[in-house]
Protein chains: 2
Amino acid sequence: MPDSSFPQPDADDIRLTGILRALSDPGRVRIVQVLADGEYHACNVEEFGLDIQKSTLSHHFKTLREAGLTTVDITGRNHCIALRTGELEARFPGLIASLTSEAAVADVSRRAAPE
Amino acid sequence: MPDSSFPQPDADDIRLTGILRALSDPGRVRIVQVLADGEYHACNVEEFGLDIQKSTLSHHFKTLREAGLTTVDITGRNHCIALRTGELEARFPGLIASLTSEAAVADVSRRAAPE
DNA sequence: CAGAAGGTTTGACGAACGTCGAACTATTTG
DNA sequence: CAAATAGTTCGACGTTCGTCAAACCTTCTG
């Protein structure tokens, strides 16, 4: 059960447009791809290698969670997030798989257009 | 071959982040879903049922085309667009299929949250 | 209990975005 | 050739977004 102070939508309330809106930022796509291993990951900057401040990262976490993509686990002062893989697959079959495929990860890793 | 005055990226230059950026607008997602039948569709407002002005629609067409999602065919004064289905599938397998699945179309059709 | 550690929240700022109406271009029709 | 048609481009507008630094809140540690 998710922590009540970090609300997330019910599975039925996850909207495709909300997901796509959340994934319009390359950094957030990267986060989802890192989470694709199904594990919980610590909510710190090093974990995702994103060269942004922690307040910005926290904002991205919030955006992903409110879109229904992630869930949070809090133990002590450590926050961890994970993909809601099962619920997302049930709702939009194949979507997460295609976004975290080898081709997708390779494309996002190569950040911008090679000049 | 695409018309030179409506440039589109080569298949290899289609970026996932570009696609997701283009699809962050619900109207553009809707357009892609209408195009999912593989046919060319006229570039007019009625075709997509989107309650926006034609200048706005044209802006959406441009965004989709520059992201590599669509291609244009011009005959006389009629412009038609189609999804670049094959190239997109080759580049990001399963992505378009998941975005235009029955579940995805149903979700986007039900525009906002039911109160 | 004082301080450190791990993240979140707040407020502000500039950039990017969706939208529209008006002007424009090219083609077809009378 | 003049008017109509199909759609794009331009310029302007209000809004939303990503970003950061600073303040904040909990939990852990000495």
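The values are calculated or read from the model by the stated rules, or taken from the named source; none is laboratory data. Nothing here was measured: the structure is a model prediction, and the numbers come from that model. Every residue, glycine as well, gets a Cβ built from its backbone with ideal geometry; the counts of neighbours run over all protein chains shown. Side chains are part of the model used for accessible areas, which takes the heavy atoms of the whole protein and leaves out ligands, DNA and RNA. Shrake-Rupley method; radii C 1.70, N 1.55, O 1.52, S 1.80 Å.
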Point to revise | residue B:25 accessible area, assembled protein chains, probe 1.4 Å, Å² | key: 50 Å²
Practice item. Would you mind computing the Rg to Rh ratio of the protein assembly as shown from its alpha-carbon coordinates, Kirkwood style for Rh? Key: 0.99
Exercise for review: Take B:70, A:56, A:100, A:75 and sort them by solvent-accessible surface of the protein heavy atoms, 1.4 Å probe, largest at the top.
Suggested key: A:75, A:56, A:100, B:70
Exercise for review: Along Cα→Cβ, 7 Å out, is where each label goes; now give me the distance between the ones at residue B:110 and residue A:75 in nm to one decimal.
Suggested key: 3.6 nm
Practice item. Arrange the residues A:47, A:39 by how much accessible surface each exposes, largest first, with a 1.4 angstrom probe. Key: A:39, A:47
Practice item. Could you please put A:77, B:84, A:111 in sequence from largest to smallest accessible area, using a 1.4 Å probe? Key: A:77, A:111, B:84
Review point. Residue separation times 0.36 nm, minus the C-alpha to C-alpha distance between residue A:59 and residue A:82: what's the value?
Key: 6.7 nm
Review point. Net charge near residue B:43, counting Lys/Arg +1 and Asp/Glu -1 over other residues with Cβ under 12 Å of its Cβ?
Key: +1
Exercise for review: Might you report the magnitude of the Cβ-based charge dipole of the stretch A:34-108 about its Cα centre, with Lys and Arg at +1 and Asp and Glu at -1, to the nearest 20 debye?
Suggested key: 360 debye
**Study point:** Partner lysines for residue B:62 [C-alpha distance under 19 Å; skip if fewer than 8 residues away on the same chain]
**Key:** B:54
Check your understanding: Is it possible to state the helix-based mean residue ellipticity at 222 nm for the protein assembly as shown, with each DSSP H run of 4+ residues giving -39500 (n - 2.57), the sum divided by total residues, to the nearest 500 deg cm²/dmol? What is it?
Key -> -12000 deg cm²/dmol
Review point. Which value results for Rg/Rh of chain B when Rg is the Cα radius of gyration and Rh the Kirkwood radius based on the inverse mean 1/r?
Key: 0.95
